[in-house]
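Q: Before I ask anything, here is the structure I am working with.
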Amino acid sequence: MLSNKKFNIVLSLLIAVGLWAYVIGETNPQDTRTFRDIPIQLINEQNLADDNLALVDVSAETVNVTLTGARADINRIDEKEITATVDLAEAAEGENQLKINIRIPDNVELADKSLNKVTITVEASISREIEIIPEYEGNFDSDQEPITIEMNRSKVTVTGAESLVEKVDHVRALVGEGEVKESLKTIGSRLTPVDADGNKIERLELSARTVQVTAQLANLKTVNLEVPVNDNGDGDVERSVSAPKTITIKGKSSDLDAIETVTSETVDISGITKNTSVEIIPILPEGVQVSNRSADSLYVRVTVTKLASKTIVLSTSDIDMEGLSDGLNAELKEVSDIKVTLNGKEEDLKEIEKEDISLLIDLTELDAGTHQVALQASCSKEYTSLELDPEEIEVIIE
C-alpha cells in the first residue's frame with residue numbers, strides 16, 4: 001500500500017513537471033528579433049592621438065543585430081541595452097580591418113550580426129590655423145545686411161587627419177536668424193569647419209568650439225570699382241582681363257556717404273599663362289565692409305591667348321630720318337638685313353605686310369661725327385609687341 005502511494009506521488013510530480021514544461025513552451029516559446037542600426041562606438045581613439053595619428057573614415061556607422069531567446073525576454077529588451085564597439089587601440093596608419101564587438105543582455109543569445117568587421121582608415125595628424133568667417137541666417141531688408149564689428153578670435157586651430165584638414169576652407173561661425181539687431185549685439189556662435197562649398201567636415205578637433213561675434217544691421221551702397229592691373233609678362237602670350245565695374249559695400253550711413261569709388265589692390269597678372277580668375281581685394285576705410293551681394297563676384301577673369309610671331313626683313317633704304325640740323329648731311333652705314341619681328345594674334349599677323357612697317361631714327365641735337373643711333377619701328381596694323389635686329393644704326397654726319 002505504501003509502495004503504491006510513493007509511486008503515485010512520483011507519477012504526479014512527473015506529470016506536473018511535464019505540464020509545466022508544456023505550458024511554458026506554449027506560452028513563452030523561443031523567439032528571434034533583429035535590432036537595426038545599432039550605432040558603432042569607437043573606443044580608445046586617444047591611442048591614435050598619442051601616436052600623432054587621426055581617424056579619416058569608417059566604412060560603416062551602424063550594424064544590425066539579431067538576438068534569440070525566450071519571447072518574454074526578447075520583448076523586454078530595449079535596443080539601448082545593445083552596444084557595438086570597435087577598439088582602435090591596435091589601429092595603425094593606413095586601412096585597418098577591425099572586429100565589431102557586440103554586448104547584449106545576459107538572458108538572450110547573439111544569433112547574427114550584419115557586419116563582423118569595419119574598415120578603419122587612419123592618417124598622420126596635422127594642425128592648421130584657419131580663419132573664422134561669420135555666416136548670418138535669415139532674410140533682411142533690401143537695403144540692410146549684417147556687418148561684423150569684431151570677434152573675440154579671428155582664427156582657430158583645426159586638428160585631424162591630414163587629408164581632412166587640407167579640405168578645410170574656413171571655419172563657419174553661424175549666427176541664428178533674428179539675432180542681429182540695428183544696435184550692437186554680441187552673440188555666441190558655434191564653430192564648424194567647412195570646405196569651399198560650405199559642407200561640414202567631420203572628425204576634426206577645434207581649439208575652440210565657439211566665438212563671440214559682435215554685429216549689427218548695416219546699410220548698403222553700390223559704388224564704382226576700379227581695379228589696377230599690372231602685366232609685365234613676356235611677349236609669348238597676350239592677357240586680357242575683365243573685372244566687375246561696381247561693388248556693393250556696407251556700413252553706417254555716415255561712413256558710406258562720402259564713398260563714390262572703391263579702388264582695389266593692384267592685380268598682378270604677369271606670370272599667368274592660362275585662363276584663370278584672380279581675387280580682387282578692395283581697399284576700404286575702417287567700418288566699411290564688402291556686402292555679401294558682391295563677395296562672390298570680386299574676381300578678375302584673365303584670358304590668355306598664345307601669340308604667334310612674324311618676321312619682316314627691311315633694308316637701310318627703308319629708314320626715315322628726322323631732326324637733322326640745317327647744314328648737315330647724314331649717311332647710314334649699310335646694313336644687309338633689318339629684321340622686324342612682330343608678336344600678336346595669328347589672324348592679325350597675317351594682315352601685316354612690309355608696307356605696314358615704318359623705320360625711323362631721330363638725329364635731333366647730333367653734331368658732325370659718327371654716332372650709334374637707336375632704331376625705332378612701328379606698325380600701322382594690330383600687333384602686341386615687336387623686336388628689332390639690329391637695335392641701333394651707325395650714322396655718319398658731315
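The values are calculated or read from the model by the stated rules, or taken from the named source; none is laboratory data. Small disclaimer: the values here were computed from a predicted structure and weren't measured. For neighbour counting, all protein chains shown are included, and Cβ atoms are generated from backbone atoms with ideal geometry for every residue, glycine included. Ligands, DNA and RNA are excluded from the accessible area calculation, which covers all protein heavy atoms including side chains. Shrake-Rupley method; radii C 1.70, N 1.55, O 1.52, S 1.80 Å.
Q: Inspect all residues belonging to the stretch 158-166 and state whether any of them is closer than 30 Å to Val262 by Cα, open to solvent by 20 Å² or more (accessible area, probe 1.4 Å), in contact (Cβ under 8 Å) with a residue 40 or more places away in the chain and out of contact with any Lys or Arg (no Cβ under 7 Å at 6 or more places or on another chain).
A: Taking the stretch 158-166 first, the residues closer than 30 Å to Val262 by Cα are none.
Looking for residues that are closer than 30 Å to Val262 by Cα, open to solvent by 20 Å² or more (accessible area, probe 1.4 Å), in contact (Cβ under 8 Å) with a residue 40 or more places away in the chain and out of contact with any Lys or Arg (no Cβ under 7 Å at 6 or more places or on another chain), one finds none in the stretch 158-166, hence no.
Q: Is there a residue in the stretch 213-226 that is more than 26 Å from Glu179 (Cβ to Cβ), among the acidic types (Asp, Glu), touching a strand residue (DSSP E or B) at 6+ places or on another chain (Cβ under 8 Å) and modelled with pLDDT under 95?
A: no
Q: Here's a follow-up. Among the residues of the stretch 369-383 satisfying the criterion of being within 19 Å of Asp236 (Cα to Cα) and part of a loop (DSSP other than H, G, I, E, B), which is most open to solvent (accessible area, probe 1.4 Å)?
A: Looking at residues that are within 19 Å of Asp236 (Cα to Cα) and part of a loop (DSSP other than H, G, I, E, B), I get Glu382.
Q: Also, I was wondering about something else. Check Leu349, Leu342, Leu366, Leu386 and return the single one that is over 48 Å from the mean Cα position of the chain (by Cα) and open to solvent by less than 60 Å² (accessible area, probe 1.4 Å).
A: On the way: Leu349 fails: over 48 Å from the mean Cα position of the chain (by Cα); Leu342 fails: over 48 Å from the mean Cα position of the chain (by Cα); Leu386 fails: over 48 Å from the mean Cα position of the chain (by Cα).
From the options Leu349, Leu342, Leu366, Leu386, the qualifying one is Leu366.
Conditions (1) part of a helix (DSSP H, G or I); (2) of a type in the set (Asp, Glu), marked per residue:
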| position | (1), (2) |
| --- | --- |
| Asp197 | no, yes |
| Leu225 | no, no |
| Ser254 | yes, no |
| Ile272 | no, no |
| Leu284 | no, no |
| Gly287 | no, no |
| Ser294 | yes, no |
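Q: Separate question: Exactly one of these conditions fails for Ala243: (1) at pLDDT 95 or above; (2) farther than 30 Å from Leu349 by Cβ. Give me its number.
A: Looking at each condition in turn, Ala243 falls short on (2).
Q: Also, quick follow-up: What number of residues within the stretch 229-254 satisfy the criterion of being closer than 18 Å to Pro282 by Cβ and open to solvent by less than 60 Å² (accessible area, probe 1.4 Å)? Write out each step before concluding.
A: Residues of the stretch 229-254 closer than 18 Å to Pro282 by Cβ: 229-230, 241-252.
Subsequent filtering for residues that are open to solvent by less than 60 Å² (accessible area, probe 1.4 Å) retains 230, 243-244, 247-251.
Number satisfying all stated conditions: 8.
Q: Residue by residue through the stretch 105-119, note down the ones that are part of a loop (DSSP other than H, G, I, E, B) and more than 45 Å from the chain's Cα centre (by Cα).
A: Quick first cut of the stretch 105-119, residues part of a loop (DSSP other than H, G, I, E, B) only: 105-108, 114-116.
Answer for the stretch 105-119, where residues must be part of a loop (DSSP other than H, G, I, E, B) and more than 45 Å from the chain's Cα centre (by Cα): Pro105, Asp106, Asn107, Val108.
Q: Now for a separate question. Which of the numbered conditions does Arg203 fail, given that it passes all the others? Conditions: (1) in contact with a helix residue (DSSP H, G or I) (Cβ under 7 Å, 6 or more places away or on another chain); (2) open to solvent by 80 Å² or more (accessible area, probe 1.4 Å); (3) farther than 22 Å from Glu61 by Cα.
A: (3)
Q: Can you work out which of the residues in the stretch 275-294 that are β-branched (Val, Ile, Thr), more than 16 Å from Ser254 (Cα to Cα) and in contact with an Asp or Glu (Cβ under 7 Å, 6 or more places away or on another chain) is surrounded by the most Cβ atoms within 10 Å (Cβ to Cβ)?
A: Step by step, filter the stretch 275-294, then rank; the result is Ile281.
Q: Given the residues Val175, Val180, which is the only one that is more than 25 Å from Leu42 (Cβ to Cβ) and open to solvent by 10 Å² or more (accessible area, probe 1.4 Å)?
A: Numbers: Val175 fails: open to solvent by 10 Å² or more (accessible area, probe 1.4 Å).
Result of the check over Val175, Val180: Val180.
Q: How many residues, within the stretch 352-363, are open to solvent by less than 50 Å² (accessible area, probe 1.4 Å) and of a type in the set (S, T, N, Q)? Full working, then the answer.
A: Here is the first cut: in the stretch 352-363, the ones open to solvent by less than 50 Å² (accessible area, probe 1.4 Å) are 352, 356-357, 359-361, 363.
Those left that are additionally of a type in the set (S, T, N, Q): none.
Residues in the stretch 352-363 being open to solvent by less than 50 Å² (accessible area, probe 1.4 Å) and of a type in the set (S, T, N, Q): 0 in total.
Q: Restricting the first residue to the stretch 85-111 and requiring it to be farther than 21 Å from Ala49 by Cβ and acidic (Asp, Glu), which pairs with a second residue that is assigned to a strand (DSSP E or B) and open to solvent by 20 Å² or more (accessible area, probe 1.4 Å) meet a Cβ separation below 7 Å and a spacing of at least six or different chains?
A: Final answer for the pair search is Glu109/Thr68.
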